[in-house]
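**Student:** Structure in structure tokens, see below.
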Amino acid sequence: MAKLPMFREILGQSVKKPVTNLFPTIRMPKSITRFFRSVTEGKAEIVPPVATPPVFRGKIVYDRTACNGCGLCLKVCPTHAIEQVAYPPMTVTVTDEKGNVTEKLKTEKRIRIYIASCVFCGQCSDICTKGAVAMGNEFLLATEDRFAEEQIAE
Amino acid sequence: MTAKKVPYIVPVGPIHPALKEPVHIELTVSGEEVISADFTPGQTHRGIEWMGLSRNPVQIVHLTDRICGICGVTHSLAFARAVEQIADITVPERADYVRTIIAEFERIQSHLLWAGVAAHELGFDTLFYLAWRVREGAMDAIELISGNRVNYDIIQIGGVRRDITEDQFEPIRRCLANYKDLFGKLKMLFLEDAVINSRCKGAGRLSFEKAMAYSTVGPTARASGCTADLRADYPYAAYGDLNVKPVLPTVYSNDINGDTYDRIVVRIFEIAQSIEIIEECLANMPVGRILWEEKVAGILAACKKAKGEAVGLHEAPRGECLHYVAMDLAEIPIAWKVKASSYSNLHVWPLILKGAQLADIPIIVASIDPCLSCTDRVVVTDAAAGRTKIFTKEELTRLSYEKTRRLMQ
């Protein structure tokens with residue numbers, strides 16, 4: 001078999017374990033929808049996907065409480081997927097050093113991220129000084145509605 | 001029914017979802033033989049350059065990553081080099097080495113991807129799966145360094161965004177050792193195989209003179225004997241410290257034919273060359289910073305003061321990639337033009353398809369490494385009779401498979 005070197009390779013491979021991770025199941029189920037239903041009911045198990053590397057850039061995780069609305073991330077986002085949102089003024093009570101309690105009107109600035117437009121470059125999480133934006137591990141993001149609740153981080 | 005009249009005109013393309021650069025090819029055929037061929041590029045205009053003209057360089061550099069799915073670093077590196085020249089930014093040495101390592105890993109995965117696709121077009125699917133399995137090693141190494149498999153996003157204006165840490169050296173070295181072991185096998189499977197030999201030798205021949213006259217780049221030019229390699233001709237990044245010599249088909253055989261087989265030879269041996277380059281880079285990795293300016297605001301301030309125009313070049317797996325950028329004292333560039341490497345190579349299609357058989361079209365079109373999915377939809381129009389026959393990609397591939405079977409009998 002000097003001219004067909006692949007033959008030996010095939011024979012060798014036929015006894016080897018496949019290198020592919022058989023995600024989500026080892027065998028094709030008769031009905032995919034029924035299979036996933038039984039998974040949610042806890043009757044069947046999914047073969048887990050290959051683990052993501054430590055520096056993986058997945059779906060953005062936004063921490064609203066840490067954000068101060070500075071808008072630096074808007075400046076580096078290649079796809080303009082982030083927009084600044086000014087929430088309507090609300091009354092906050094401020095206590096100064098003397099103990100005087102005053103009421104003030106305050107406008108809150110935060111961001112809104114459209115995951116459907118995101119290209120997962122991770123620049124926003126790199127530039128954020130407050131650590132409010134981070135790249136998560138989630139990568140199964142297929143959707144029919146790009147404005148669905150889980151497709152917008154705010 | 002009117003009598004059939006030769007020649008027939010066979011339009012190929014232009015749109016296929018898997019295609020990077022959709023192109024429309026029109027072949028005039030007489031029976032099985034191609035008499036002449038013509039093509040129309042520019043079928044899909046995504047407006048990325050236009051998008052760039054409303055964004056600053058830090059944003060554009062990640063936009064460029066999305067121009068091509070396989071060359072994840074090519075465009076961003078070429079663009080970053082252009083902006084760095086205008087804004088007079090010096091890239092730290094360590095960043096240059098990281099850039100080189102990523103670029104060479106990209107070459108390995110791109111050439112293996114191409115080799116697999118070429119095997120598939122010949123009907124040799126076993127080899128296609130094997131090549132793609134082997135390719136995963138390079139993808140894993142890239143994923144380890146940059147975080148993602150396909151869109152690396154590692155280039156920043158003035159450096160790189162991710163460093164290669166000490167603990168990453170070991171897995172990268174292991175990956176390279178694995179490739180070194182596999183290289184002998186790959187060489188044997190691709191270059192000694194009877195099927196590949198009979199289908200690729202003499203197919204799509206491009207002479208040295210024509211390769212020079214048509215300004216081909218990359219492996220297509222080198223397979224015809226041109227010693228054109230940006231890494232050797234105009235060293236950039238860490239290539240100046242390395243001794244990179246253009247790979248010619250003479251590494252395997254004595255004569256240069258410039259055919260499809262020679263293009264396989266060049267690409268297979270460039271994988272070996274890339275492994276050596278990465279090993280050398282890992283051994284001589286300088287210490288220091290990886291970014292010219294840590295803060296993005298600093299980079300943007302430098303861009304604001306920049307005035308002028310520059311050309312950024314990079315030797316992509318397919319050949320020379322060119323980015324032209326002009327800036328005028330503003331964050332946003334006033335001009336940005338991209339010339340991808342495939343564009344230079346496409347022009348030889350009319351030349352190398354001439355005289356070929358219809359069944360050879362898939363492999364010849366693929367041999368210059370565009371996406372050969374242009375063969376997706378072929379319409380044979382008999383101009384005189386006004387009849388149309390639609391060839392699907394499957395049918396055209398089937399023709400190619402049948403030819404392989406005929407040769408094997």
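The values are calculated or read from the model by the stated rules, or taken from the named source; none is laboratory data. If you're wondering where the values come from, they're calculated on a predicted model, not measured in any experiment. Cβ atoms come from the backbone with ideal geometry, glycine included; neighbour counts cover every protein chain shown. Quick note on the areas: whole protein, heavy atoms, side chains included, nothing else; ligands and nucleic acids left out. Shrake-Rupley method; radii C 1.70, N 1.55, O 1.52, S 1.80 Å.
**Student:** Could you say whether any residue in the stretch A:34-55 is at positive phi and in the same structural domain as A:Asn137 (by TED's automatic domain parsing)?
**Tutor:** Scanning the stretch A:34-55 turns up no residue that is at positive phi and in the same structural domain as A:Asn137 (by TED's automatic domain parsing).
**Student:** Which of the helices (runs of 4 or more DSSP H) found entirely inside the stretch B:193-276 contain at least 2 residues meeting this: open to solvent by 10 Å² or more (accessible area, probe 1.4 Å)?
**Tutor:** B:194-200, B:208-213, B:230-233
**Student:** Looking at the stretch A:1-38, which of its residues are open to solvent by 70 Å² or more (accessible area, probe 1.4 Å), among the aliphatic types (A, V, I, L, M), free of Cβ contacts under 8 Å to residues at least 12 places away in the same chain and not in a helix (DSSP H, G or I)?
**Tutor:** A:Met1, A:Ala2, A:Val15, A:Val19, A:Met28
**Student:** What's the number of the only condition in (1) over 13 Å from B:Val73 (Cβ atoms); (2) open to solvent by 10 Å² or more (accessible area, probe 1.4 Å); (3) facing chain A (nearest Cβ under 9 Å) that B:Trp132 fails to meet?
**Tutor:** Only one criterion is unmet by B:Trp132, namely (3).
**Student:** Find the residue count for the stretch B:135-163, including only residues that are modelled with pLDDT of 90 or more, under 30 Å from A:Gly12 (Cα atoms) and more than 8 Å from chain A (Cβ to nearest Cβ).
**Tutor:** Residues meeting the conditions: 7.
**Student:** Take residues that are within 14 Å of chain A (Cβ to nearest Cβ) and tell me which of the helices (runs of 4 or more DSSP H) falling wholly in the stretch B:284-362 contain 2 or more.
**Tutor:** Result: B:296-304.
**Student:** Let me ask you something else. Would you confirm whether any residue within the stretch B:115-124 is open to solvent by 10 Å² or more (accessible area, probe 1.4 Å), within 11 Å of chain A (Cβ to nearest Cβ) and of a type outside the set (Asp, Glu)?
**Tutor:** Among the residues of the stretch B:115-124, at least one is open to solvent by 10 Å² or more (accessible area, probe 1.4 Å), within 11 Å of chain A (Cβ to nearest Cβ) and of a type outside the set (Asp, Glu), which makes the answer yes.
**Student:** Any chance the stretch B:71-94 includes a residue that's outside any loop (DSSP other than H, G, I, E, B), among the polar types (S, T, N, Q), within 12 Å of chain A (Cβ to nearest Cβ) and open to solvent by 10 Å² or more (accessible area, probe 1.4 Å)?
**Tutor:** No; the residues of the stretch B:71-94 include none that is outside any loop (DSSP other than H, G, I, E, B), among the polar types (S, T, N, Q), within 12 Å of chain A (Cβ to nearest Cβ) and open to solvent by 10 Å² or more (accessible area, probe 1.4 Å).
**Student:** Please return the ranges of strands (runs of 3 or more DSSP E) entirely within the stretch A:48-154 where 2 or more residues are among the charged types (D, E, K, R), open to solvent by 30 Å² or more (accessible area, probe 1.4 Å) and away from every other protein chain (no Cβ under 11 Å).
**Tutor:** The qualifying strands (runs of 3 or more DSSP E) are A:101-114.
**Student:** Taking B:Phe190, is it buried (at least 16 other Cβ atoms within 10 Å of the Cβ), farther than 30 Å from B:Asn284 by Cβ and either at pLDDT below 90 or in contact with a helix residue (DSSP H, G or I) (Cβ under 8 Å, 6 or more places away or on another chain) (or both)?
**Tutor:** Taking the combined requirement at face value, the residue satisfies it.
**Student:** Shifting gears a bit: Have a look at A:Glu154, A:Glu150, A:Glu97 and point out the one that is of a type in the set (D, E, K, R), in contact with a strand residue (DSSP E or B) (Cβ under 6 Å, 6 or more places away or on another chain) and more than 30 Å from B:Val73 (Cβ to Cβ).
**Tutor:** Result of the check over A:Glu154, A:Glu150, A:Glu97: A:Glu154.
**Student:** Residue check, B:Thr100 against (1) hydroxyl-bearing (Ser, Thr, Tyr); (2) open to solvent by less than 10 Å² (accessible area, probe 1.4 Å); (3) within 14 Å of another protein chain (Cβ to nearest Cβ), all met but one. Which one?
**Tutor:** (3)
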